[in-house]
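Here's the structure we're looking at; comments come further down.
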Amino acid sequence: MNDAAPAPESHGRGRRALLAGAAGAGGLLLAATASSPAQAAPHPAPPAYRFGSVGELLAAKHPADGAVALVAGYHSPGDGGGGGYRWDAAATRAGNGGTVLDPSRGKAKRGRWLALHAGTFDFRRFGVSGPQAPADAALSAMVADPAIARIEAHTDLNFVRRHTFSRSRIEIDFGGHTVTTKGIEQASHDPDVSPFQAVLYFRGTPSDSSISCTTTEAIAELSDVFQVADAAKFGVGSWYAVEVNPLSGKYERELQKLLQVTEIVDGTHVRVNYQNGWPFAAGRTFRWTKVEPVTDVRIGNLRFVGSGGTPYAESDWPKPDPDEWNGSHPFAFEYAVRCDVADVHAVGTFWPVVMRRWGTFFRTERCSIANPPTVFYGGAGYLTQNIYCLYGHVEDCHSSNARHLTDFVNAAYCYVTNCHGDGDDAGGNPFTTHGQYEHDIVFTGCSGLMDIANSGSAWGTAAKRFTIRRHVMSWFVASTRISDLTLEDVEVVPRATFDPDGKFLVNADGLQMRGCSGKTFAVAKVSSRSSRPNVISGCTFEVASAGVLVQTPVDVPVHFDRCTFTDASGFECHGSGPVYLTDCTVTGKPGGKPISFAGTDVVVSGGRYTDTGFVLTAARDQRLHLGGGARLAGTNAAKALLSRGSGDKTVSWELADYDSSADDGTAHVALAAGTNRYTAVGARFTGGTLSLSPQAFGRGSFLLQTGCVESGVNRTAYPPAGDRVHTGNNLSV
């Protein structure tokens, strides 16, 4: 060590002037001593010194306690690593090369240079001025220092360790620079752990013990009051990881959330900051684990380049991918509240770029992923995964050639806005949920494949109150147990490279659709939770020829309102429930089959039906009500606009205020057999034929036709008048 004492600042500049200059140049706030009472004599200020580098500072003789030094750079003047330091003769903290400088390199118990700052610190002040040297030690030291609230990077960086922090209230801004992980240590081989072994993993601390309560009363949906055994064991403002006992599936729980107790209601009830999305019968067991969450963490503004890259193809599944341990990803959060990520652009990452579990109140903004090593390995190739998360927002994000842009598992009250995924032909679907009882999730203004509540029975295949607005994709399947699904301006555009049929499949359990369009559309039914009607309004579909529009399990009414079907030749409605067609425009082909209905009721009000027609299967008792100014025209392969199938059940035909214009050789109505209860009052028939065979009006049948207008109609078959057949008071022109 140099025995020469450092020279005090000269040229007439005092300590205060020097510090003011340092603050202006480097943004330093130098710690000041407490001011003395006015009547006390002022203490002389310790001297201030200048050095060209940290090395010079460490080589200098120890000054008086409290002395301040200004360093022009870390390695050399102007390299950005300089700043102010104060000599603390009593300090015993271990030197870390940045915030604490130890001239003795651990030999002296006391005496350290302590960095001066205003809560913001920089990797360059640890001598890390690029990716040539690992930045891990600097990162750990800064995060561990409670006086540092903001960490900045002003160069590219490389990390070789996977860091776990429990620190709260910190911001890390990488300044738009590139972060790499060349030579990073392996992750754990435990599949439940490795997705969280990010470069930066912020994790709260759960208690080692839990409080369980088996309820004796039901908990209604959207309740925020929960029964507990002893409310005195809970604290207002405390956080708990709360989960209910599983159902039949391995992961099938309706509730797994990080919740805060907001009120002690009484001795056996507490209120939390969440209105539950699912009702619970008495006898369910809830487990409450107290958590000290990490809070208020902000990270971002970087380009991240992942490591690994071992070739792995779909044919390799389910063989373990070595990148599970060798690959890297930037951020993970667990037991976290108000922890946000923004402006992260990643390539080559294995696990999700932003991994979250047990998170509440969060935002992921303006992030992207491109070209992860695989889209076939479960859990890999995501931009963000959100497990047991609440009150989140993913906004302005983008994915290219990835598995998922965003994935929700048992999440609630989350928004995805203006996010877009391309390159999804090879097996990735940007927007997905596992179906582990997610609820109240909204997607607005996005594009890319979507597959919700569809990860299998192990998770429950359940979701509720999803809203999807202004979304464009080439395939949409939502035919699992999704209740109260709302779709607005959703467009499915077939893509030859993925699904030329452009499948659009939905569940009839409180379904509401407005302004949507697609090609191969179908309504399924696998759940019965909702009281909302199933209404499809203002939508346009091709419905490819001979497709199934309403599937067999649909036993509830389905309402089509002002919809347009541009290719309805031969499509079938197999469901047993009623089908309502209101002011719809339906077009078939002259050589195509009519629309087939198996439901109890078919109610057609208004609209235009061209080169199509209706055939009722008669497999069960059915009713067709046709009126409201509806217009039928043209022909079809059956040469009948209205007819019945081969079933032996009773069909009621209620023909009222509608116009029917049939091509030559085509019947307006053709009934040749079976039991038929037929009324035509005020209908208008033009051209074609009416074929009402006597064999179709035997025992149990009747025919009433009155007030109708027949223009150029040829009656090819009619039963004779009688007690059950009345055909008078019609106009024939």
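The values are calculated or read from the model by the stated rules, or taken from the named source; none is laboratory data. Bear in mind the structure is a predicted one, so any value in this text is a computation, not a measurement. All Cβ positions, glycine included, derive from the backbone under ideal geometry; neighbour counts span all protein chains shown. Just the protein is used for accessible areas: all its heavy atoms, side chains included, with ligands, DNA and RNA removed. Shrake-Rupley method; radii C 1.70, N 1.55, O 1.52, S 1.80 Å.
On the basis of the beta-carbon distance and an R0 of 30 Å, Ala64 and Arg161 show a calculated FRET efficiency of 0.20. If a/c stays under 1.5 just call it rounded; otherwise compare a/b with b/c (prolate if a/b is bigger, oblate if not). Do that for the range 338-473, with a ≥ b ≥ c from the square roots of the Cα gyration tensor eigenvalues. In terms of gyration-tensor shape, rounded. Among the DSSP beta bridges whose two residues both lie in the range 409-469, what percent are antiparallel, rounded to the nearest 5? Antiparallel bridges: around 0 percent, rounded to the nearest 5. Between His726 and Leu703, Leu704, Gln705, the built amide H atoms are under 5 Å apart, and every one of these is 5 or more places off in sequence or on another chain.
Lys109: which lysines have alpha carbons under 25 Å from its alpha carbon, excluding same-chain residues fewer than 8 sequence positions away? In chain and number order, the partners are Lys61.
If both residues of a DSSP beta bridge must be in the range 445-537, then about 5% of such bridges are antiparallel. Note on Thr205 and Val526: with the Förster distance fixed at 35 Å, the Cβ-Cβ geometry gives a FRET efficiency of about 0.30.
Give me the distance in nm between label points sitting 7 Å out from Cα along the Cα-to-Cβ direction at Tyr415 and Trp325, one decimal. Calculated label separation equals 4.3 nm. Contact order for the range 594-684, expressed relative to its length and based on alpha carbon pairs under 8 Å spaced 6+ residues apart, stands at 28 percent. Solvent exposure of the range 605-733, expressed per residue, is 41 Å² of accessible area, with all protein chains present and a 1.4 angstrom probe.
Each Cα pair under 8 Å and six or more residues apart adds its sequence gap; the mean of these over the residue count of the chain is a relative contact order of 5 percent.
If R0 equals 51 Å, the separation of the Cβ atoms of Thr262 and Ala137 corresponds to a calculated FRET efficiency of about 0.80. Counting only alpha carbon atoms, the long axis of helix 15-26 and the longest principal axis of the chain meet at about 30°. Among the trypsin sites (Lys or Arg not before Pro) in the range 63-112, those located in a DSSP loop and surrounded by at most 15 other Cβ atoms within 10 Å of their own Cβ are Arg93, Arg105, Lys107, Lys109, Arg110. Working from label points 7 Å from Cα in the Cα-to-Cβ sense, the Thr566 to Thr585 distance is 1.1 nm. Counting only protein heavy atoms and a 1.4 Å probe, the range 176-311 has 43 square angstrom of accessible area per residue. Taking packing as the residue-averaged number of other Cβ atoms within 10 angstrom, the listed peptides 646-655, 711-720 run from highest to lowest as 646-655, 711-720.
If you wrap the tightest convex hull around every Cα atom of the range 153-253 and split its volume per residue, you get 195 Å³. Overall form of the range 455-585: rounded. Here a/c, set by the Cα gyration tensor axes a ≥ b ≥ c, is under 1.5.
Each Lys and Arg Cβ is given +1 and each Asp and Glu Cβ -1; about its Cα centre, the range 529-601 then shows a dipole of about 80 debye.
Of Tyr240, Gly130, Val193, whose Cα points farthest to the positive end of the dipole of the range 88-247 (charges on the beta-carbon: +1 Lys, Arg; -1 Asp, Glu; origin at the Cα centre)? Sorting the options by dipole projection puts first Gly130. Shape descriptor for the chain: Rg over Rh equals 1.18 (Cα atoms; Rh from the Kirkwood inverse mean 1/r). With both residues required to sit in the chain, DSSP beta bridges show an antiparallel share near 15%. Over the chain, dividing the summed -39,500 (n - 2.57) contributions of all DSSP H runs of at least 4 residues by the number of residues returns a 222 nm mean residue ellipticity of -1000 deg cm²/dmol.
Straight-line reach from Lys250: taking Cα to Cα under 18 Å and skipping same-chain neighbours fewer than 8 places apart, the aspartates and glutamates in range are Asp192, Glu438. Separation of the alpha carbons by more than 27 angstrom is noted, of Lys589/Lys649; Lys525/Lys593; Lys464/Lys519; Lys182/Lys290, for Lys589/Lys649; Lys182/Lys290. Were the residues from Ser693 through Val733 laid out at 0.36 nm apart, the gain over their Cα-Cα distance would be 12.2 nm.
Listed peptides 254-267, 349-362, 599-612, 384-397 appear in the order 349-362, 384-397, 599-612, 254-267 once ranked by packing, highest mean of other Cβ atoms within 10 Å at the front. For the pair Leu704 and Glu217 in one chain, pulling the backbone fully straight at 0.36 nm per residue adds 169.5 nm over the alpha carbon distance. Averaging the Cα positions of each part gives two centres, and for the range 84-150 and the range 363-427 these lie 37 Å apart. Rounded to the nearest 20, the Cβ-based charge dipole of the range 592-658 about its Cα centre (Lys and Arg +1, Asp and Glu -1) stands at 180 debye.
Descending by average beta-carbon neighbour count within 10 Å, the peptides 339-348, 74-83, 430-439 line up as 430-439, 339-348, 74-83, the highest first. The mean sequence distance of close C-alpha pairs (under 8 Å, at least 6 residues apart), as a share of the length of the range 144-223, puts its relative contact order at 32 percent. Cα centroids of the range 657-698 and the range 236-282: 61 Å apart.
Computed extension length for Ala619-Asp396: 75.1 nm, one decimal, from 0.36 nm per residue of separation with the Cα-Cα distance subtracted.
A crude spin-label estimate for the pair Ala672 and Glu314, with each label 7 Å from Cα along the Cβ direction, gives 4.7 nm.
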